[in-house]
Amino acid sequence: MSWSDSVPVHMAPILLADISLNWTPGDIVAIGGSDTNHKYAKGGSIEFAAWKAILLFIGAGAIGTYFFSKEKERLRKQREMEQNRSVGKPLIGGPFSLVDTEGNKFTHENLKDENGKRFSIIYFGFSHCPDVCPEELDKLGEMLTELKKDNIEMQPIFITCDPARDTPEVIKTYLEDFHPDLVGLTGSYDQVKNCCKQYRVYFSTPPNVRPDQDYLVDHSIFFYVMDPEGNFVDVIGREANVKEGVEKIRKAADAFMPESERQKKQQSWLGFLYK
Amino acid sequence: MGLFSSSTETEKTNFAPAKKERTVCWEKRDLFFDCLTKNNIDNSLDAKELPKVNSECGNEKKEFEASCVNSWIKYFQEKRFNDLTRARYIAKLEAEGAQPIPIKLESSTRKKN
């Protein structure tokens, strides 16, 4: 019996092609044998192997593309932040010295996190604020809840623009209405003024007011996002909703790389990617 | 008048209105403002409007003033008038075919060239 008898007609072209590729003297001998037909009996096996290869190819390609585009996006963000950094010292933020609601000293050093993970978000306001501050602080609370779900560590800070009335005690009572993580800061008029200046915060207390008087303080409304090294990264305005605010912080947290790691990467052979 | 002087405890340390007080104040404010809107009163602080405010929304005004701090009472009324003026101005501009310029605060992209 010859091998062609047992091979279905529709298989022939594939077989021919296959054989022409594997044409060795050894094969000629084996073809005459009865069990060699077996080799071609499962007609699908060749296509199956090809399918596996194609699937593997597509799969590897997809995984590769996914990682590449993800990494590319991350690098793009990092480069962007790096560019902003290299423009010079950020104009927002700087040394300040205030006290928290427990009477402990709190300075710009307290914004830094030695584990390089915790971001800070700073809001300037005053406790007698009629509507904007409470709304913004509620918004902050919602943002913090969202960020906690993503395991993004945050240190929320409230700094008063009204040190005359906002003593540590007053701020402590005021902040009880808001997120429990909130750190409230105050200080002498000059200390607060200096801090506001560092953050380019405008505020105006009416002249000649006594702490027991009823007055409003005009001030700029922004959240300042500070990275774990205490550097300014972004600002969230009043027009941003919870989702947009969270997105900004998440983006900053994704792109953040500690100074030491940044230098290491720039010096490595892949350094050109980070320049 | 107001919350501070009504409570003797707050005389010494000037505590800010708590959430509960704030919420009550906001509710009374909204009721008062609803009444003003219903009676077509734009500026409730305007001396010319005062007789109308007192005759049409006297009760709402009294409750609003009793539930809020003095500085807030003035602030909210000024703000309402400013917001109304602005909203009308924008509406007028839009009616004339003006297009809003989209301005968004995007600090992370501002230094891109």
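Taking only pairs six or more apart or across chains, which ones have beta-carbon atoms under 6 Å, a first residue in the range A:127-141 that is within 7 Å of another protein chain (Cβ to nearest Cβ), and a second residue that is part of a helix (DSSP H, G or I) and surrounded by fewer than 20 Cβ atoms within 10 Å (Cβ to Cβ)?
A:Pro130/B:Tyr75
Of the residues that make up the range A:260-275, is at least one small (Gly, Ala, Ser), touching a residue at least 12 places away in the same chain (Cβ under 8 Å) and out of contact with any strand residue (DSSP E or B) (no Cβ under 7 Å at 6 or more places or on another chain)?
No, there is no match, as no residue in the range A:260-275 is small (Gly, Ala, Ser), touching a residue at least 12 places away in the same chain (Cβ under 8 Å) and out of contact with any strand residue (DSSP E or B) (no Cβ under 7 Å at 6 or more places or on another chain).
Do the conditions hold for A:Gln155, that is, is it surrounded by fewer than 20 Cβ atoms within 10 Å (Cβ to Cβ), out of contact with any helix residue (DSSP H, G or I) (no Cβ under 7 Å at 6 or more places or on another chain) and in contact (Cβ under 8 Å) with a residue 60 or more places away in the chain?
No, not satisfied.
Take A:Gly116 and tell me if it is of a type in the set (Gly, Ala, Ser) and on the phi > 0 side of the Ramachandran plot.
yes
Using the structure shown, decide if A:Val246 is buried (at least 17 other Cβ atoms within 10 Å of the Cβ), within 25 Å of B:Tyr75 (Cα to Cα), of a type in the set (Val, Ile, Thr) and out of contact with any Lys or Arg (no Cβ under 9 Å at 6 or more places or on another chain).
Criteria not met by A:Val246.
In contact with a strand residue (DSSP E or B) (Cβ under 6 Å, 6 or more places away or on another chain), under 23 Å from A:Ile152 (Cβ atoms) and within 14 Å of chain B (Cβ to nearest Cβ) - does that describe any residue in the range A:211-221?
No, because not a single residue in the range A:211-221 is in contact with a strand residue (DSSP E or B) (Cβ under 6 Å, 6 or more places away or on another chain), under 23 Å from A:Ile152 (Cβ atoms) and within 14 Å of chain B (Cβ to nearest Cβ).
Please go through (1) within 14 Å of chain B (Cβ to nearest Cβ); (2) surrounded by 14 or more Cβ atoms within 10 Å (Cβ to Cβ) for A:Gly230 and return the number of the only condition it doesn't satisfy.
Of the numbered conditions (1) within 14 Å of chain B (Cβ to nearest Cβ); (2) surrounded by 14 or more Cβ atoms within 10 Å (Cβ to Cβ), the odd one out for A:Gly230 is (1).
Which number in (1) within 14 Å of chain B (Cβ to nearest Cβ); (2) surrounded by fewer than 18 Cβ atoms within 10 Å (Cβ to Cβ) marks the one condition that A:Ile236 misses?
(2)
Taken together, the values in this text are just the output of simple stated rules run on the coordinates, not laboratory data. Worth saying up front: this structure is predicted, and the values here are computed from it rather than measured. Positions of Cβ are backbone-derived with ideal geometry, glycine not excepted, and every protein chain shown enters the neighbour counts.
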